[in-house]
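Reading through the structure tokens given below for one structure.
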Amino acid sequence: MPKGNGIIDRKIQLPTTNLKPVKRNTITHEFDSGSNAQIPPPYESDDNLSEASNLLRQGIQQQQAGELIAALKSLQQSLELFQAVGDLQKQAQTLSFLGLVTYSAGDYKGAISYSEQCLSLLNNISDLALQMQALSHLGNSYRHLNDHNKAIEFLEKCLKITQQLQDKRSQVAALNNLGLVYKSLSNFTQAIEYQQQSLEIVRELKDNWGEEQVLKNLGNAWYALNNYPKAIAYYEQCVVLARSLKNVRSASQVLKNLGNACYALGDYTKAIKYYEDRLLLAREIQDKRSEEQSLGSLGVACEALGDYNKAITYYEQRLLLARNIKDRRSEEEALDRLRVACYALGDYAKAMQYQQGTSSNNS
């Protein structure tokens with residue numbers, strides 16, 4: 001770290017096009033999460049302070065709207081003005097928010113840099129809520145960089161502060177995120193223990209969005225342990241919540257997992273039901289990739305039931321879609337599955353046509 005106030009002058013540059021928040025299973029400390037680090041009121045006395053405060057408010061609002069490039073610019077300008085007037089408290093606050101913006105954009109090294117600078121300033125300031133947020137961003141960023149020991153170290157410190165502050169919403173986040181680190185380490189038992197604690201608190205808070213995320217993560221952990229009945233139990237609860245929240249993309253992902261878990265148990269009829277639900281959702285939101293995957297999964301499940309005619313119907317739809325979205329790998333896979341299904345039915349002429357389709361695509 002540099003000497004002085006610990007601020008690194010370099011600005012972290014983000015790409016200027018197509019920058020969107022990255023979706024992940026982490027629960028972040030958002031600005032409306034009940035922490036003490038709320039949007040600051042504007043200053044009235046000093047022009048620089050007033051402008052810095054307004055830029056900080058603007059940056060926070062832009063981040064909440066998903067406008068990450070604009071948020072980064074506003075917050076960096078705000079930071080420079082707070083540095084110019086020597087307001088350490090507001091510098092630390094702005095750095096914490098910059099850590100969240102860069103984390104949201106998937107710039108984990110940037111998030112670490114800003115969060116470390118924030119913590120270095122907090123050595124002179126007693127603000128546990130800001131410290132908690134910076135530790136959270138550090139822990140989550142190190143998890144994505146696969147430095148699990150550092151991730152656990154920072155998230156455990158974060159958890160202690162959430163308990164000290166009796167900030168239950170932030171406890172939910174810290175417990176969930178610790179669970180994700182242990183899952184990355186394949187320590188699924190410890191992951192489930194943390195996420196189960198997280199689930200109990202999030203239900204107490206009646207936070208449906210948080211509960212949906214924790215249920216999904218619990219399902220994923222049980223799935224990784226090949227305990228499909230437990231995974232299904234959590235996924236089923238998750239889908240109900242996701243649908244009630246109109247969180248269609250999350251529902252689509254969990255329906256895929258539900259279908260796969262039922263398939264792994266040999267319950268092909270139930271697997272087909274979930275794959276069909278996912279197919280309907282995919283078509284509703286015009287998600288071609290999920291539609292293509294669903295058609296493939298439906299074909300495989302129908303084959304497992306010995307219903308080759310129905311499997312062929314799904315594979316033919318998948319083939320058309322794969323050609324439409326110009327996905328050669330999926331196209332060749334669909335042709336291959338069609339050939340196998342036709343052979344199973346004894347329709348060798350049609351199987352040969354699909355064989356030639358594969359050959360012509362490979363030529």
When you go through (1) farther than 28 Å from Leu178 by Cα; (2) in contact (Cβ under 8 Å) with a residue 12 or more places away in the chain one by one for Ala92, which number turns out not to apply?
(1)
In the stretch 183-214, residues that are among the hydrophobic types (A, V, I, L, M, F, W, C) and closer than 20 Å to Arg143 by Cα total 5
Using beta carbons and a limit of 6 Å, which pairs, at least six apart or on different chains, have the first residue in the stretch 137-151 and in a helix (DSSP H, G or I) and the second one of a type in the set (A, V, I, L, M, F, W, C) and open to solvent by 50 Å² or more (accessible area, probe 1.4 Å)?
His148/Leu185
Residues in the stretch 309-326: is at least one open to solvent by 40 Å² or more (accessible area, probe 1.4 Å), among the charged types (D, E, K, R) and under 30 Å from Cys238 (Cα atoms)?
yes
Hey, among Tyr274, Tyr268, Tyr194, which residue is under 25 Å from Gln166 (Cα atoms), hydroxyl-bearing (Ser, Thr, Tyr) and open to solvent by 10 Å² or more (accessible area, probe 1.4 Å)?
Tyr194
Looking at the stretch 158-175, which of its residues are part of a helix (DSSP H, G or I) and buried (at least 18 other Cβ atoms within 10 Å of the Cβ)?
Cys158, Leu159, Ile161, Thr162, Arg169, Ser170, Gln171, Val172, Ala173, Ala174, Leu175
Number of the exception - Met132 against (1) part of a helix (DSSP H, G or I); (2) within 24 Å of Lys73 (Cβ to Cβ):
(2)
Residues of the stretch 52-95 satisfying the condition of being open to solvent by 60 Å² or more (accessible area, probe 1.4 Å), part of a helix (DSSP H, G or I) and farther than 18 Å from Ser113 by Cα:
Asn54, Arg57, Gln58, Gln61, Gln64, Ala84
Any chance you could count how many residues in the stretch 209-234 are more than 16 Å from the chain's Cα centre (by Cα) and part of a helix (DSSP H, G or I)?
10
Please go through the stretch 263-296 and give me each residue that is in a loop (DSSP other than H, G, I, E, B), within 22 Å of Ser244 (Cα to Cα) and in contact (Cβ under 8 Å) with a residue 12 or more places away in the chain, ordered by number.
Ile285, Asp287
If you check Lys256, Lys206, which single one turns out to be over 24 Å from Ile325 (Cα atoms) and either without any contact (Cβ under 8 Å) to a residue 24 or more places away in the chain or within 18 Å of the chain's Cα centre (by Cα) (or both)?
Lys206
Can you pull out the residues in the stretch 122-142 that are farther than 21 Å from Asp167 by Cβ and crowded, with 18+ Cβ neighbours inside 10 Å?
Tyr142
Search result, residues across the stretch 297-328 that are of a type in the set (Gly, Ala, Ser) and in a loop (DSSP other than H, G, I, E, B)
Gly306
Out of all the residues in the stretch 261-293, which are among the aliphatic types (A, V, I, L, M) and more than 22 Å from the chain's Cα centre (by Cα)?
Ala264, Leu265, Ala271, Ile272, Leu280
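The values are calculated or read from the model by the stated rules, or taken from the named source; none is laboratory data. Keep in mind it's a predicted model, so treat the numbers as computed, not measured. Because the Cβ atoms are built from the backbone with ideal geometry, glycine has one as well, and the counts that use them run over all protein chains shown. Protein only, heavy atoms only, side chains kept; ligands, DNA and RNA dropped before computing areas. Shrake-Rupley method; radii C 1.70, N 1.55, O 1.52, S 1.80 Å.
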